[in-house]
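The values are calculated or read from the model by the stated rules, or taken from the named source; none is laboratory data. Source: prediction; values computed, not measured. Heads up, the Cβs are rebuilt from the backbone with ideal geometry, glycines too, and the neighbour counts pull from every protein chain shown.
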Amino acid sequence: MLHMVYANLLIAAAAYLLGSIPCGYLLVRFYCHQDIRQAGSGNIGATNVLRAGGKGLGAVTFLLDMLKGSAAVGLGALLGALLLPHCPLRDAEALAALAAVLGHIFPVWLGFKGGKGVATGFGVFLVAAPWGALAAIAVFAVVLALSRYVSLASILGAASFPLFAWLLSRTHPEAGRPVFYIAVQAAVALIIIAKHHQNIRRLLAGTESRFGKGRFA
């Protein structure tokens, strides 16, 4: 039992540290010699980096944030296979996914003030439940194209993921669907949505800016 606790702590810590790498902050600091936290919304994520440093830097930030999430889940699966060979591999992946997103949102290196977790969330979803992630990103793309609200697209994309993951999950018929795994993915989606609380208020008030028009967060 103690071995299992230590193994899970190691998986969570490793995934958290990977997720906590502040890619947007580092890129803007290196290329623009600015603190991204002092620009626009103050967020270190890809959208604010795009606004402060341009489309190229924003795209690289999104890619790196996505990749660190994917790498964290891959590392969690590897450690799970090595340290917890008799436990479901998906449990280790789910734990790593949650820890990586929390690392991005609450990075120890920046006083626990990070991004909103959209790109990192997509990265962990892409490895943990690829078909669900692709379906969710399709929702994101459609909502963004129709509304031009990045925040609304992010919220609805995150909200749709647990449903897609549940419907498209594949496991052995006798085992049923992986309930813990889906529950953790739902928790990740809820955390991402909660981080958009200011955007939700602006959307309800009709003051949220559209993508490509003035300030967006």
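Consider region 39-55. How many of its residues are within 13 Å of G24 (Cβ to Cβ) and in a helix (DSSP H, G or I)?
The number of residues fulfilling the criteria is 8.
Would you say V142 is under 20 Å from L167 (Cβ atoms), β-branched (V, I, T) and without any contact (Cβ under 8 Å) to a residue 60 or more places away in the chain?
Judged against the criteria, V142 is a match.
Quick check on region 167-190: of everything there that is buried (at least 18 other Cβ atoms within 10 Å of the Cβ) and modelled with pLDDT of 80 or more, which residue is nearest to V139 (Cα to Cα)?
A189
If the requirement is being in contact with a Ser or Thr (Cβ under 9 Å, 6 or more places away or on another chain), of a type outside the set (D, E, K, R) and under 25 Å from N199 (Cβ atoms), which of these qualifies: V142, V150?
V150
Of the conditions (1) in a helix (DSSP H, G or I); (2) surrounded by fewer than 16 Cβ atoms within 10 Å (Cβ to Cβ); (3) modelled with pLDDT of 90 or more, T207 satisfies every one except a single condition; which number is it?
Failing condition for T207: (1).
Starting from residues that are of a type in the set (A, V, I, L, M, F, W, C) and within 15 Å of the chain's Cα centre (by Cα), keep the ones in region 13-58 and report whichever is surrounded by the fewest Cβ atoms within 10 Å (Cβ to Cβ).
Looking at residues that are of a type in the set (A, V, I, L, M, F, W, C) and within 15 Å of the chain's Cα centre (by Cα), I get L17.
Could you list, in sequence order, the residues of region 1-33 that are in contact (Cβ under 8 Å) with a residue 60 or more places away in the chain, outside any loop (DSSP other than H, G, I, E, B) and in contact with a Lys or Arg (Cβ under 9 Å, 6 or more places away or on another chain)?
L18, G19, Y25
Tell me yes or no: at least one residue of region 42-62 is modelled with pLDDT of 95 or more and either within 13 Å of G103 (Cα to Cα) or hydroxyl-bearing (S, T, Y) (or both).
Looking for residues that are modelled with pLDDT of 95 or more and either within 13 Å of G103 (Cα to Cα) or hydroxyl-bearing (S, T, Y) (or both), one finds at least one in region 42-62, hence yes.
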